[in-house]
Amino acid sequence: MFILKKYISLLLVLSLILASFSACGAGNNANNGVVPSNNAVPAEPTEVRIGSLTGPTTIGLVKLLSDAEEGKTQNKYISKIAGSADELTPLLIKGDLDVFVGPSNLAAVLYNKTEGKVQMAAVSTLGVLGLLTTDSSVKSWADLKGRTIYATGKGSTPEYVLSHLLSKNGLQPGKDVTIEFKSEPAEIVAMLKTGGDAAKKAVVMLPQPFATAAQTQVEGLAVVMDLASEWDKLADGSRMVTACIMVRKEFAEAHPEAVAALLKEYKASAEWVNQNVDKAAELTEKYINIKAGVAKKAIPLCSVVCITGSDMKAAAAPYLKVLFDANPASVGGKLPADDFYLQ
C-alpha cells in the first residue's frame, strides 16, 4: 500500500511538471519568444547635479538649462549657479555636485587635492580677457612700454596670463610695464569714468562680459587686444583654456552614458549659443542675470567651445604648464597626470 501511494504521488508531480512546460510553450509560441514591447519599463534618466558660475563660464550652458526645464534632455539636470567658485568647490569634493563648469586651473587644483578624484571632461571656454583703452595711439605690445595696466585677478590666472604675454612680447612686468591690481572690475570702470589724465592714458584688462559693460559706460573705450588671439599667436599649440567641465571620477565611472550625454548636450548648447546670439542673450539674462543687451554684444567675444578627448589635452596641458611655471600653487602644486583628462 505504501509503495502504491508513493507511485501515485510521483505520477501527480510528473503531471504538474508536464502541464507547466505545456503552458510555457504555448505562451512563447503566441509571442514568438519575444516579450511585448508595451510591457517594457523605460529607463529613468540619470540625475546630474551640475554647478556653474555667474559669468562667461555659464553662457554655453544656457540652452542646455532651458531644454532641461522643458524635459528635452537625456539626463535630468539639477543646476546650481553661484557667484563664487568657493561656494561650489566644497560641494563637488563632498559629492553633492557631480559636475562643475569652472576655471580650468581649479580643475587641476582639485585633481591634486583629491588625489585624482576630479577629472577634466571638456574645455568649455577659451580666453575672455581683453586689453582696453581710450587712447587710440595704443595699437601693439610695443605701445604699452611705460604704461600702467589696471587689472583684476592678482595672484590668479589673469595675472599669470598677462605676465606671460608681456614677457613673450619683449616687455618685462614691473620694469617696462606697471601692473596695478584692483579688487573688482567696477573699481576699474570708476577710475576710467573720472576722465582725468591718468584715465586717458590708462590701459585696462577686463574679462567678458565686464569689458562690454564697461564700453557702454566709458565713451571711446575700445578693445585693442584680445588676449586669447594673442595667445594663439605664440604658436606653441596651446590655447588659453579659461574654463572647463570637470566631473567627479566616481560619477564618471558609475555613469559613463550620462557623462557622454552631458558632453553631447553641452556641445549642442554651445553651438546653439554661438549661432543664435539674440535668443542666447535672453537666456543669459534669465539664468545668470547679465542684461540681454550686454550679453548680445559679449557672447561673440566669449569663446564658448566644447573641446574633448585628445584635442582637450593638447589645448589644456601646455596652458597649465604656463600657469605652473608662473606659480605651482595655481595648479595645485604639480601638473596633473594623464588620467586627469577624461577620455
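The values are calculated or read from the model by the stated rules, or taken from the named source; none is laboratory data. Nothing here was measured: the structure is a model prediction, and the numbers come from that model. Counting neighbours? That spans all protein chains shown, and the Cβs are built from the backbone with ideal geometry, glycine included.
What do you reckon, is Ala298 assigned by TED's automatic domain parsing to the domain that holds Leu106 and either within 30 Å of Ala142 (Cβ to Cβ) or in a loop (DSSP other than H, G, I, E, B) (or both)?
Yes: the conditions hold for Ala298.
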Of a type in the set (A, V, I, L, M, F, W, C) and over 18 Å from the mean Cα position of the chain (by Cα): does that describe Val273? no
Is it fair to say Asp325 is surrounded by fewer than 14 Cβ atoms within 10 Å (Cβ to Cβ) and either modelled with pLDDT under 95 or touching an Asp or Glu at 6+ places or on another chain (Cβ under 7 Å) (or both)? yes
Starting from residues that are of a type in the set (S, T, N, Q) and at pLDDT below 95, keep the ones in the range 53-73 and report whichever is nearest to Ser303 (Cα to Cα). Thr57
Within the group Lys182, Lys201, Lys233, which residue is exposed (fewer than 15 other Cβ atoms within 10 Å of the Cβ) and modelled with pLDDT under 95? Lys233
Taking into account only those residues within the range 100-119 that are surrounded by fewer than 24 Cβ atoms within 10 Å (Cβ to Cβ) and among the β-branched types (Val, Ile, Thr), which is nearest to the chain's Cα centre (by Cα)? Val109
Taking the condition assigned to a strand (DSSP E or B) and either of a type outside the set (A, V, I, L, M) or closer than 21 Å to Lys200 by Cα (or both), does Ile188 pass? no
Condition first: closer than 19 Å to Ser310 by Cβ and at pLDDT 95 or above. Now tell me which residues in the range 236-248 satisfy that. Cys244, Ile245, Met246, Val247
Can you give me the number of residues within the range 301-333 that are within 22 Å of Glu250 (Cα to Cα) and assigned to a loop (DSSP other than H, G, I, E, B)? 2
Take the range 210-230 and flag every residue that is among the polar types (S, T, N, Q) and loosely packed, with under 15 Cβ neighbours inside 10 Å. Thr216, Gln217, Ser229
Is there a residue in the range 161-175 that is over 23 Å from Val241 (Cα atoms) and part of a helix (DSSP H, G or I)? no
As an exercise: evaluate Asp278 against (1) in contact (Cβ under 8 Å) with a residue 12 or more places away in the chain; (2) over 19 Å from the mean Cα position of the chain (by Cα); (3) within 27 Å of Ile149 (Cβ to Cβ) and give the number of the one condition it does not meet. (3)
